[in-house]
Amino acid sequence: MRKNYDNIQIIRGDITTAKVDCIVNAANSWLIPGGGVDHAIHQAAGPELAIAVKKFRHCDPGNAVITPGFNLKATSVIHAVGPIWNKSENTEEHEQVLSKTYQSIYELATKHAIQSIAIPNISTGVYDFPKDLAAEIVWQTTLAFLNTSQSKMKIFFYCFDAENYNLYTRFLQKLKS
Ligand code: ADP
């Protein structure tokens, strides 16, 4: 019998090279091109992407908006805003917002009939979310989505650094064992 995680793959590399229907961007609330993965996606998509996403004006953490992919191989880009980690604040709230960010991605992707999606490790760069905790939340949220929706969407987790890649592959191995 097929398992809910059979459509999940972990890739180590640059998300802009992904051959999928949709690439997810780790955007900021102002929807203005920033650094990290956001910079890489805007560079690869071309200047039209910044114009298209700015039409939404603003996006609160936990939410997401969708635009075309322009020069990318992907037809569309989901711009999702993750939480900014700050250990002196209510970190439980940050955890909930990270989960909501991934829920928003899956909801929007489902609504747009996206069959394959590439997702980076949102909030684990400049936004400083602890990578191990983020990976746990992402896996929980993703498996909950797959269990309730029975979705056949192919999910590619693009991990840029070794730590995230190792964390994600360990989660997948644990599920398979
Ligand atoms: P955030 O502000 O949400 O933390 P960052 O872009 O700073 O966003 O980092 C999010 C994650 O994206 C980090 O784990 C970083 O290593 C990763 N990343 C950076 N560039 C790329 C890329 N070209 N492809 C995939 N992941 C990337």
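Quick check on the range 103-118: of everything there that is small (G, A, S) and open to solvent by 10 Å² or more (accessible area, probe 1.4 Å), which residue is nearest to P83 (Cα to Cα)? First the steps, then the outcome.
Residues of the range 103-118 that are small (G, A, S), as a first pass: 104, 109, 113, 116, 118.
Next cut, open to solvent by 10 Å² or more (accessible area, probe 1.4 Å) only: 104, 113, 116.
Details: S104: 13, A113: 26, S116: 24 Å.
Ranking the qualifying residues of the range 103-118, first place goes to S104.
Which residues, counting only those in the range 119-140, are open to solvent by less than 30 Å² (accessible area, probe 1.4 Å) and within 11 Å of the ligand (Cβ to nearest atom)?
As a first pass, look at the range 119-140 and keep what is open to solvent by less than 30 Å² (accessible area, probe 1.4 Å): 119-124, 129, 134-135, 137-139.
Selection gives I119, P120, N121, I122, S123, T124, F129, A134, A135.
For the range 105-122, what are the residues that are assigned to a strand (DSSP E or B) and β-branched (V, I, T)?
As a first pass, look at the range 105-122 and keep what is assigned to a strand (DSSP E or B): 116-119.
Matches in the range 105-122: I117, I119.
Which condition breaks for N90 when tested against (1) in contact with a strand residue (DSSP E or B) (Cβ under 9 Å, 6 or more places away or on another chain); (2) surrounded by fewer than 17 Cβ atoms within 10 Å (Cβ to Cβ)?
(1)
So which residues in the range 57-72 are over 16 Å from the mean Cα position of the chain (by Cα) and farther than 16 Å from D38 by Cα?
Within the range 57-72, just R57 meets the criteria.
Could you please let me know if I51 is more than 11 Å from the ligand (Cβ to nearest atom), open to solvent by 30 Å² or more (accessible area, probe 1.4 Å), part of a helix (DSSP H, G or I) and of a type in the set (A, V, I, L, M, F, W, C)?
Criteria met by I51.
Restricting attention to the range 1-24, which residues are in a loop (DSSP other than H, G, I, E, B) and not small (G, A, S)? Walk me through it before giving the result.
From the range 1-24, those in a loop (DSSP other than H, G, I, E, B) are 1-3, 13-14, 18-21; that's our starting set.
Result: M1, R2, K3, D14, K19, V20, D21.
Look at the range 82-104 and say how many of its residues are touching a helix residue (DSSP H, G or I) at 6+ places or on another chain (Cβ under 7 Å), outside any loop (DSSP other than H, G, I, E, B) and over 19 Å from Q115 (Cα atoms).
In the first step, residues of the range 82-104 are kept if they are touching a helix residue (DSSP H, G or I) at 6+ places or on another chain (Cβ under 7 Å); the result is 82-83, 85, 95, 98-99, 102-103.
Cutting the leftovers down to outside any loop (DSSP other than H, G, I, E, B) gives us 95, 98-99, 102-103.
Remaining after also requiring over 19 Å from Q115 (Cα atoms): 95, 98-99.
So the count comes out to 3.
Could you check S116 against (1) small (G, A, S); (2) more than 21 Å from V138 (Cβ to Cβ); (3) more than 15 Å from the ligand (Cβ to nearest atom); (4) touching a residue at least 40 places away in the same chain (Cβ under 8 Å) and say which number it fails?
(2)
Inside the range 17-48, can you point out the residues that are hydrophobic (A, V, I, L, M, F, W, C), buried (at least 19 other Cβ atoms within 10 Å of the Cβ) and within 14 Å of the ligand (Cβ to nearest atom)? Break it down into steps so the answer makes sense when it comes.
The initial filter retains those residues of the range 17-48 that are hydrophobic (A, V, I, L, M, F, W, C), namely 18, 20, 22-24, 26-27, 30-32, 37, 40-41, 44-45.
Remaining after also requiring buried (at least 19 other Cβ atoms within 10 Å of the Cβ): 18, 20, 22-24, 26-27, 31, 37, 41, 44-45.
Across the range 17-48, the qualifying residues are A18, V20, I23, V24, A26, A27, L31, V37, I41, A44, A45.
Pull up the range 1-16, narrow it to residues that are within 16 Å of the ligand (Cβ to nearest atom) and β-branched (V, I, T), then point me to the one that is most open to solvent (accessible area, probe 1.4 Å).
So in the range 1-16, the residues within 16 Å of the ligand (Cβ to nearest atom) come out as 9-16.
Okay, now just the ones that are also β-branched (V, I, T), so 10-11, 15-16.
Working: I10: 27, I11: 46, I15: 6, T16: 22 Å².
Among those residues, the one meeting the criterion is I11.
Name, by its number, the condition in (1) surrounded by fewer than 21 Cβ atoms within 10 Å (Cβ to Cβ); (2) within 15 Å of the ligand (Cβ to nearest atom); (3) in a helix (DSSP H, G or I); (4) within 16 Å of the chain's Cα centre (by Cα) that does not hold for L143.
(2)
Scan the range 3-21 residue by residue and report those that are in contact with a helix residue (DSSP H, G or I) (Cβ under 9 Å, 6 or more places away or on another chain), among the charged types (D, E, K, R) and at pLDDT 95 or above.
R12, D14, D21
The values are calculated or read from the model by the stated rules, or taken from the named source; none is laboratory data. Model, not experiment: these values are computed from the prediction. Quick reminder, even Gly has a Cβ in these numbers, built from the backbone with ideal geometry, and neighbours come from all protein chains shown. Quick note on the areas: whole protein, heavy atoms, side chains included, nothing else; ligands and nucleic acids left out. Shrake-Rupley method; radii C 1.70, N 1.55, O 1.52, S 1.80 Å.
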